[in-house]
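Taking it in order: structure first as structure tokens, then the write-up.
Readers should treat all values here as calculations from the given coordinates under stated rules, not as data from a laboratory. As the structure is a computational prediction, the values presented were derived from the model and not from experiment. Note that each Cβ is placed from the backbone with ideal geometry, even for glycine, and that neighbours are counted across all protein chains shown.
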Amino acid sequence: MPYFSMNIAQILTYTYFVTAIIAFIFLYRERKHPTVRLGHYRMRIYHVITLFIVGAIFLLANMISGYLEILGLILLIVAFATPHFLFIHRKKIKISALAGLKIAFVADLQLGMSLKKTKWSQKIVDKITAENPDLVLLGGDLIDNEGTDENESAFMAPFGQLVGRFPIYYVMGNHEYGAGRPGVMMFENRAPVLADQMAKLKIPLLKNKLERLKLPNRDICIFGLDDLWGGQINFDELKNWDKTTPLIFLTHNPDGVLHWPTELKKPDLVLTGHTHGGQIHLPGLGPVVSAEIKMHRNFYRGLKYYNNIPIFTTVGAGESAAPIRFGLMPEVAILNIK
Ligand SMILES: [Fe+2]
């Protein structure tokens, strides 16, 4: 009898592992090429499958060593705790045409994901206010929009406190349009709902739009691009740029820089997000999760140069797909231009 029950246990264990492998392949293919058949319940189905796979990993770890399982548990707790600590990322950038400018830049809040709602945006607003920047820029993916019925755009309300105190602008990201990837949106388009809310708050949208801004000590131009995946990009308004006023190019997706018209003078600074720095960043390995962009992995976070154009990519203030992060804190970037 004991021999028989051990075999049953083994059969169940192996069946679990095989099912977990099939579930992993399904999840991998779904993330690569999302189909429409999962509809509104897509993220809930993804999460149940992920839990099933995580269970299999822990079972395997336990079979190898109990210590490995404890280590896995600690790493999991760290990954779930990290998203709740908001970090100020200070960066000095040398750009003589913009010297003296202090920019607060935040993107990828993905409000609505897990516990990140009005309190989280208030926390971001308080950090920005305390920094007293010359300019506030929001880089898209402000709402999560991954199959919830909540009005996530309402969570942006605290940002109204910045209006009148600092110049503030925003661009749309792919999540506002329904997440997904080029040509395949996974959820409904909630960009109009966010646009309505932001209009009420009096925060202007830069949708393929050039804005000329008079600051106390200089004029600057900001060009905000529509989202590459969900929107329709257009650079026509740049014909109104005098080319002598320094220009900041705000694009949710780092690939926006690849579309900059070649005949035009280069922007003085590019601000971008979308990548979350990979969201899971392992020492020595770098970003684990692909942001599905054409730009090299080097551009997943921080200050880098592309054809001599300074590009700053924020790792964002929120999370995508699951409320976890590893090796990267949620951030508000404070850019001091020297
Ligand atoms: Fe994005």
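Each peptide in 275-283, 127-135 was scored by the mean count of other Cβ atoms within 10 Å over its residues; highest first, the order is 275-283, 127-135. Backbone geometry of the stretch 305-319 corresponds, through the Karplus equation with coefficients 6.51, -1.76 and 1.60 at θ = phi - 60°, to 3J(HN,Hα) couplings of 10, 10, 6, 6, 8, x, 10, 10, 10, 7, 7, x, 10, x, 10 Hz, x marking Gly and Pro. Neighbour counting of Cβ atoms within 10 Å sorts the residues Leu137, Leu86, fewest neighbours leading, into Leu86, Leu137. Between the helical axis of 118-131 and the longest alpha-carbon principal axis of the chain there is an angle of about 40 degrees.
Can you bin the stretch 2-64 into rounded, prolate or oblate? Criterion: square roots of the alpha carbon gyration tensor eigenvalues sorted a ≥ b ≥ c, rounded for a/c under 1.5, prolate for a/b above b/c, oblate for the rest. Cα axes put the stretch 2-64 in the prolate bin. Counting only lysines at least 8 places from Lys338 when in the same chain, those with an alpha carbon closer than 23 Å to its own are Lys91, Lys92, Lys94, Lys102, Lys127, Lys214, Lys243, Lys265, Lys266, Lys304. Rounded to the nearest 20 debye, the dipole magnitude of the chain is 800 debye, with +1 charges on Lys and Arg beta carbons, -1 on Asp and Glu beta carbons, and the Cα centre as origin.
Taking the fewest neighbouring Cβ atoms within 10 Å as the starting point, the ordered list for Arg29, Arg325 is Arg29, Arg325. The stretch 187-231 and the stretch 162-182 have Cα centres separated by 7 Å.
Straight-distance candidates among the aspartates and glutamates for linking to Lys117, with alpha-carbon spacing under 15 Å and chain neighbours fewer than 8 residues away dropped: Asp108, Asp126, Asp141, Asp144, Glu146, Asp149, Glu150, Glu152, Glu319.
For the chain, relative contact order (Cα pairs under 8 Å, six or more residues apart, normalised by length) works out to 22 percent. Of the residues Gly231, Asn217, Ala317, the one whose Cα sits farthest towards the positive end of the charge dipole of the chain is Asn217 (charges of +1 on Lys and Arg Cβ, -1 on Asp and Glu Cβ, taken about the Cα centre). Think of the chain as a dipole: +1 on every Lys or Arg Cβ, -1 on every Asp or Glu Cβ, centred on the Cα centre; then among Leu285, Ile168, Ile337, Ile337 lies furthest on the positive end. Which lysines, on any chain, are close to Lys32 with Cα under 18 Å apart, when same-chain ones fewer than 8 places away are left out? Lys32 reaches Lys294.
The Cα-based radius of gyration of the stretch 87-212, divided by its Kirkwood radius, gives an Rg/Rh of 0.98.
Shape analysis of the chain based on the Cα gyration tensor places the equivalent ellipsoid semi-axes at 41, 20, 19 Å, largest first.
Since only Gly273, Gln110, Val48 are under comparison, the one whose Cα sits farthest along the positive direction of the charge dipole of the chain, derived from C-beta charges on Lys, Arg, Asp and Glu, is Gly273. Counting only alpha carbon atoms, the long axis of helix 42-64 and the longest principal axis of the chain meet at about 50°. Please give the Cα centre distance for the stretch 74-152 versus the stretch 234-266, rounded to the nearest Å. Measuring centre to centre over Cα atoms gives 24 Å.
Counting neighbouring Cβ atoms within 10 Å and putting the fewest first, the residues His175, His274, His259 line up as His259, His274, His175.
Charging the Cβ of each Asp and Glu at -1 and of each Lys and Arg at +1, and nothing else, the dipole of the stretch 1-160 about its Cα centre rounds to 400 debye. Per-residue ellipticity at 222 nm, computed for the chain from helices alone with -39500 (n - 2.57) per DSSP H run of at least four residues, works out to -10000 deg cm²/dmol.
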